[in-house]
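The values are calculated or read from the model by the stated rules, or taken from the named source; none is laboratory data. For clarity, every value in this text was computed on a predicted model and none was experimentally measured. FYI the Cβ positions are ideal-geometry reconstructions off the backbone, even for glycines, and counts take in every protein chain you see.
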Amino acid sequence: MEPLSFGEDVRKTALHSRHQALGAKMVEFAGWEMPLQYKGIIPEHHAVRERVGLFDVSHMGRVKVSGPDAETLLDYLSTNLITGKKIGSATYTVWCHSEGGSVDDLIVYREGEDRFFVVVNASNREKDLAHLIRESSGYRVSIEACKEEGILALQGPLAQNAMRTLFPDVEEVKPMTFLPLLYQGKELILSGTGYTGAGGYELYGAISSLIQIWDRFMAQVVEPVGLGARDTLRLEMGFALYGHELSDTISPNESVSAWTVKWSKPDFLGKKRLAVLEQSSHKRQQLGIVLQEGGIGREGYPVLKQGEIIGRVTSGTFSPSLRKAIAIILVEGNFKEGDNLEVDIRGKRVAAEVASLPFWRQKK
Amino acid sequence: MKYTESHEWIELSGKIGIVGVTDYAQKELGEIVYVELPEKGRRVSSGEEVAVLESTKAAADIYSPVSGTIVEVNERLKDNAQLINESPQGEGWVFKIALDHLSEWDSLLDEKGYLALVM
């Protein structure tokens, strides 16, 4: 329990003073001072599952890629298919390096025939930009990192109602699509994306616009939600978090994001190595597990099958929706739903069962 | 009531000490979702790790403020770990310990000393 202190080079988002005024507990995340929680992780989690919550995720980065070869380049960098995607579509993908490790996971947005932008993880902003610039050699593209911008996420079953009060056009924005808007004369992107599985939207735009929009949502019944609940929400859905489920040493086809790898694509960066790995007996897999007793299997804890270590936890938490400890594990060997495993929690073996992902599903 | 630098409190009744974590500690930890309690009858030394609190964010050890024998644990925490958040210095107590040496009590922090530490 060290007192929190922030280095001088830690960045603050434009909404920093709003978070402080709301009494948020701030933490450093990927070089940014961000709200971990306001009221508490569990009530904020339930607010998003049951109603609607607002996140400041301005630490993430947006990069515009445009030019005659933008589609070809982005398709070549992505495990998922980008070529032929409709204007107004958003596509989740992984980027690999030539050795098959993961550079980042991100969303590719198509704004026009020759115009795209990508939204990348906070921890990888600079790395992704360097990767893009390096790989764009020989392609007719221009690359521009958006500055003086912020990102909000409005998530939950009542997100559409709340968004409609500000933007009546929200009805047009289906999941994994987006709409460019103007807000007080400035570009604003309204995107049907998120990281919670609760439905909702993300907004990309100028800092001045987003501060106003934040205040307008706060004046409604929308609750602020911090990064703590963002993590429990994404983990209940089995979504990858870069640095945990994906990394330089975890390939996308070993991960919960394996579905993004489109083998039918003629080529993409890293495909050769992924194809070799796919046939290898050393290929690992990620699974969801639910712990059967008390304790939380946290990142790095060993996972065992009949006493043998088969892998480790990549992310683990207490699921507020299931009221059980859940985890994503990276293991060698083939396992299926219902298989019994164990997690070594500080020297104590705790029973766990392989579960299908997502851990949590919206009731119809 | 006395305190430790590792944020436990202990209250003495005869030779039996009741131990829990401070309000400051529960606030820092966030919502407690699981408590790993010690075995009754276990002998522990002062400073030894005795129980574990799992919060939504992290796991934190509870250390025994004194040497002695665990005589009782708070069974209610098994299904109501959040009692530690709701009432850290009351219903959210963690274990009771029979002290080996009452003299250890004197070396613990008093309230003023503890508050100086966390302020």
Note on the stretch A:269-308: residues of a type outside the set (Val, Ile, Thr), farther than 30 Å from A:ILE82 by Cα, assigned to a strand (DSSP E or B) and in contact with a Leu (Cβ under 7 Å, 6 or more places away or on another chain) are A:LEU304, A:LYS305
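Give A:GLY156, A:GLY205, A:GLY197, A:GLY192 a once-over and let me know the one that is touching a residue at least 24 places away in the same chain (Cβ under 8 Å), over 24 Å from A:THR13 (Cα atoms) and under 24 Å from the mean Cα position of the chain (by Cα). Before the answer, list the steps.
Numbers: A:GLY156 fails: over 24 Å from A:THR13 (Cα atoms); A:GLY205 fails: over 24 Å from A:THR13 (Cα atoms); A:GLY192 fails: over 24 Å from A:THR13 (Cα atoms).
After ruling out the rest, the residue left standing is A:GLY197.
Which one of these is surrounded by 20 or more Cβ atoms within 10 Å (Cβ to Cβ) and touching a Lys or Arg at 6+ places or on another chain (Cβ under 7 Å): A:LEU246, A:LEU330, A:LEU287, A:LEU274?
Details: A:LEU246 fails: touching a Lys or Arg at 6+ places or on another chain (Cβ under 7 Å); A:LEU287 fails: touching a Lys or Arg at 6+ places or on another chain (Cβ under 7 Å); A:LEU274 fails: touching a Lys or Arg at 6+ places or on another chain (Cβ under 7 Å).
Of the residues listed, the single one that is surrounded by 20 or more Cβ atoms within 10 Å (Cβ to Cβ) and touching a Lys or Arg at 6+ places or on another chain (Cβ under 7 Å) is A:LEU330.
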Kindly indicate whether any position in the stretch A:260-271 is touching a residue at least 40 places away in the same chain (Cβ under 8 Å), in contact with a Pro (Cβ under 9 Å, 6 or more places away or on another chain), within 14 Å of chain B (Cβ to nearest Cβ) and crowded, with 17+ Cβ neighbours inside 10 Å. no
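Can you work out which of the residues in the stretch B:1-23 that are surrounded by fewer than 18 Cβ atoms within 10 Å (Cβ to Cβ) and of a type outside the set (A, V, I, L, M, F, W, C) is nearest to the other protein chains (Cβ to nearest Cβ)? Before you say what the answer is, go through the steps one by one.
Within the stretch B:1-23, the subset surrounded by fewer than 18 Cβ atoms within 10 Å (Cβ to Cβ) is B:1, B:5-6, B:11-16, B:23.
Still in the running and of a type outside the set (A, V, I, L, M, F, W, C): B:5-6, B:11, B:13-15, B:23.
Details: B:GLU5: 11, B:SER6: 8, B:GLU11: 21, B:SER13: 28, B:GLY14: 31, B:LYS15: 30, B:ASP23: 13 Å.
Applying the filter and picking the extreme gives B:SER6.
Output the residue which, of all residues in the stretch B:28-56 that are among the hydroxyl-bearing types (Ser, Thr, Tyr) and within 7 Å of chain A (Cβ to nearest Cβ), is nearest to A:PRO43 (Cα to Cα).
First, the residues of the stretch B:28-56 that are among the hydroxyl-bearing types (Ser, Thr, Tyr): B:34, B:45-46, B:55-56.
With within 7 Å of chain A (Cβ to nearest Cβ) added as a condition, the list becomes B:34, B:56.
Details: B:TYR34: 17, B:THR56: 12 Å.
The selected residue is B:THR56.
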Does the stretch A:235-251 contain any residue that is within 14 Å of chain B (Cβ to nearest Cβ) and part of a helix (DSSP H, G or I)? yes
Do the conditions hold for A:LEU227, that is, is it within 14 Å of chain B (Cβ to nearest Cβ) and either closer than 20 Å to A:ALA198 by Cα or more than 21 Å from the chain's Cα centre (by Cα) (or both)? yes
Suppose the filter is modelled with pLDDT of 95 or more and in a loop (DSSP other than H, G, I, E, B); does B:LYS57 pass it? no
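Take the residues of the stretch B:82-105 that are among the charged types (D, E, K, R) and touching a strand residue (DSSP E or B) at 6+ places or on another chain (Cβ under 9 Å): which is surrounded by the fewest Cβ atoms within 10 Å (Cβ to Cβ)?
We begin by selecting, within the stretch B:82-105, every residue among the charged types (D, E, K, R); these are B:86, B:91, B:96, B:100, B:104.
Going one step further and asking which of them are touching a strand residue (DSSP E or B) at 6+ places or on another chain (Cβ under 9 Å), we end up with B:96, B:100, B:104.
Working: B:LYS96: 20, B:ASP100: 16, B:GLU104: 18.
Top of the filtered list is B:ASP100.
So which of A:SER17, A:SER66, A:SER98, A:SER78 ends up being farther than 28 Å from A:VAL221 by Cα, modelled with pLDDT of 95 or more and surrounded by fewer than 16 Cβ atoms within 10 Å (Cβ to Cβ)? Before the answer, list the steps.
Details: A:SER17 fails: farther than 28 Å from A:VAL221 by Cα; A:SER66 fails: surrounded by fewer than 16 Cβ atoms within 10 Å (Cβ to Cβ); A:SER78 fails: surrounded by fewer than 16 Cβ atoms within 10 Å (Cβ to Cβ).
Sole residue among the options that is farther than 28 Å from A:VAL221 by Cα, modelled with pLDDT of 95 or more and surrounded by fewer than 16 Cβ atoms within 10 Å (Cβ to Cβ): A:SER98.
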Only one of these is out of contact with any Pro (no Cβ under 6 Å at 6 or more places or on another chain) and under 25 Å from A:ARG323 (Cβ atoms): A:GLY67, A:GLY40. Name it. A:GLY40
Report, by residue number, each residue of the stretch B:77-105 that is within 14 Å of another protein chain (Cβ to nearest Cβ) and among the charged types (D, E, K, R). B:LYS78, B:ASP79, B:GLU86
Taking only pairs six or more apart or across chains, which ones have beta-carbon atoms under 7 Å, a first residue in the stretch A:337-364 that is within 14 Å of chain B (Cβ to nearest Cβ) and closer than 14 Å to A:GLY295 by Cα, and a second residue that is among the aromatic types (Phe, Trp, Tyr) and surrounded by 13 or more Cβ atoms within 10 Å (Cβ to Cβ)? A:VAL343/A:TYR301; A:ASP344/A:TYR301; A:ILE345/A:TYR301
For the subset of the stretch B:63-76 comprising residues that are in a strand (DSSP E or B) and in contact with an Asp or Glu (Cβ under 6 Å, 6 or more places away or on another chain), which member is nearest to the other protein chains (Cβ to nearest Cβ)? B:TYR63
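With charged (D, E, K, R) and either on the phi > 0 side of the Ramachandran plot or part of a helix (DSSP H, G or I) (or both) as the only criterion, which of A:ASP169, A:ASP105 stands out?
Numbers: A:ASP105 fails: either on the phi > 0 side of the Ramachandran plot or part of a helix (DSSP H, G or I) (or both).
After applying the criteria, what remains is A:ASP169.
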Search the stretch A:19-46 for residues that are away from chain B (no Cβ under 12 Å) and within 24 Å of A:SER123 (Cα to Cα) and pair each with any residue that is among the hydroxyl-bearing types (Ser, Thr, Tyr) and assigned to a helix (DSSP H, G or I) when their beta-carbon atoms are under 7 Å apart and the residues are at least 6 apart or on different chains. A:ALA30/A:SER123
